[in-house]
1. Given points 7 Å out from each Cα along the Cα-Cβ axis, report the A:Ala194 to B:Ala194 separation in nanometres with one decimal.
2. Which distances, in nm and shortest first, link the B:His211 label point to the same label point in every other copy, taking 7 Å along Cα→Cβ?
3. Give a residue-ordered list of calculated ³J(HN,Hα) values for the range A:59-67 (Karplus: 6.51 cos²θ - 1.76 cosθ + 1.60, θ = phi - 60°; whole Hz; x for Gly, Pro).
4. Ignoring ligands and nucleic acids, what accessible area does B:Lys140 show with a 1.4 Å probe (Å², nearest 10)?
5. Please tell me which of these pairs span more than 31 angstrom C-alpha to C-alpha: A:Lys51/B:Lys140; A:Lys122/B:Lys80; A:Lys122/B:Lys51?
6. Through the Karplus equation 6.51 cos²θ - 1.76 cosθ + 1.60, θ set to phi - 60°, convert the phi angles of the range B:98-104 into ³J(HN,Hα) values in whole Hz; use x for Gly and Pro.
7. Using 7 Å Cα-to-Cβ label points, what is the B:Arg154/A:Asn75 separation (nm, one decimal)?
8. Can you tell which of B:His198, B:Ser171, B:Leu133 lies farthest toward the positive end of the dipole of the range B:94-231, using +1 and -1 charges on the Cβ of basic and acidic side chains (Lys, Arg; Asp, Glu)?
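The values are calculated or read from the model by the stated rules, or taken from the named source; none is laboratory data. Just so it is clear, the model here is predicted, and its values are computed rather than measured. Cβ placement follows ideal geometry from the backbone for every residue including glycine, while neighbour counts extend to all protein chains displayed. Just so you know, the surface numbers come from the protein's heavy atoms only, side chains and all, with ligands and any DNA or RNA stripped out. Shrake-Rupley method; radii C 1.70, N 1.55, O 1.52, S 1.80 Å.
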Protein chains: 2
Amino acid sequence: MTAATSVPADPHSPADQHGPAAKPRRRVGRPAAAVLDQDGITAAALQLIGKSGYEGFTMAALARTLNVAPSALYNHVSSKRDVLVLVQDHLTSFVDVAAFEAGPWEQAVRDWAWSYRDVFSKHTPLIPVIAVLPVTDAPKTLAMYEAVSAGFSRAGFPQERIIPAIVAFESFIFGSAYDVTAPADIFDSGTMAASTPHFTSAVQRLAEDSHDKPADVAFSLGLEALLAGLGALRAA
Amino acid sequence: MTAATSVPADPHSPADQHGPAAKPRRRVGRPAAAVLDQDGITAAALQLIGKSGYEGFTMAALARTLNVAPSALYNHVSSKRDVLVLVQDHLTSFVDVAAFEAGPWEQAVRDWAWSYRDVFSKHTPLIPVIAVLPVTDAPKTLAMYEAVSAGFSRAGFPQERIIPAIVAFESFIFGSAYDVTAPADIFDSGTMAASTPHFTSAVQRLAEDSHDKPADVAFSLGLEALLAGLGALRAA
DNA sequence: CCACTAAATGAATGCCGTTCATTTAGAATG
DNA sequence: CATTCTAAATGAACGGCATTCATTTAGTGG
């Protein structure tokens, strides 16, 4: 069975802590050597991914950065997927939910959505993991949902619409995170341009008019539409 | 180098053709034996995925269903990713764009979006492939974009907003496709329920009130919001 | 009948995640 | 201090995977 994380997560962790974190690890009294633990593995994994990307992220490579044999990792983690879950949950603490506590709902959602997209556009291989991961396995992610839900509730959303609305935003965010990684010439129709006149001219006009990054234009457009449409669900 | 598909795609293929398709394959005059070709590989791949899922989809398994050695596949395809591209492009022909030719814009987008989501919710491992794939490598996908672009243009969208609007819809669709595959208990906060009161009560209220599938509720909500918000961009 | 070539073969390669019997070294116990 | 217990690290395996390549096979045009 995969357990992911053990401690109850303490939801008031202000932002994050990089580098070697505290190591309680004190069950009853046993060897306190412990070269490895989940926080250390998570930090090393994040650093390795930053340096080598997800292609270079292997259990062997991770073990090497920790000066340990690959098999040693399996004393603290039950699979590679488990490591990805730890990384995902850690990254979620970089998502900005601060404005949900006080500010107006629209701006809170904007801050949240943009930061959420930016964090995971650099980690798209995690999206398939997040999307089907029970919140129980990711305490910091659960804390994010609590902050967002509280904000929606405070803004006057009817209870039964809160989760669907959040899911709709999130779906858009995940899809948009992929879009950020698309190559610049993804819409170049090449030799087939002649047979796709409407599409080709639309692509050209976008390239001429806009000076911003295409992914940002599309994200802004969709986000504002969702804000307007879903914001209308609020009670007076 | 990956070439994906060779023929220029003829954009008026009405819907699709299952089973063994036509085999031009006629460069100058050579052995016409040809046990294998891209269409056959695509059809076999789709069938294998349907039967064994993406975990069971290996080059060896694919070769076995075609009664061929695994290495034989590489005479027609340059990598496993290439096969996925072929499958993705084929699946795109199942997406419904018919209403863009005549009907009202809103309903056309609805038909398109729901069918698009339904097709790829059964093929989420293809989403990372689609999202960064140059349209040149996927002729049927390009044909879909042409139909959709034409519909947006006909509906009065300003040229420079057509692509961003389509991308926004698509991002939402891809994200929502993942959502369909999420386990039913994904939002069960378990032992941490006490520390996440707003979230927990919102989840509970949704479960009580709604009889529809949660993924469908969220998709409908988001889609209608995007329709309203983006539809407003049209010229009178 | 010969020469040519696209296509199929099967063995080999290298990388991967994961398992497991075994060893190591601190902590608690008396 | 010696004994015992155990979490943690080790290194050699294993099976599966995509991909490569020298070689063979079998139609076709000349």
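1. 7.3 nm
2. Here B:His211 shows inter-copy label distances of 5.6 nm.
3. Result, rounded to whole Hz: 4, 5, 5, 4, 4, 4, 5, 9, 6.
4. About 70 Å², rounded to the nearest 10.
5. A:Lys51/B:Lys140; A:Lys122/B:Lys51
6. Those phi angles translate into 4, 5, 5, 7, 9, x, x Hz.
7. 6.7 nm
8. Checking the options against the dipole of the range B:94-231, the answer is B:Leu133.
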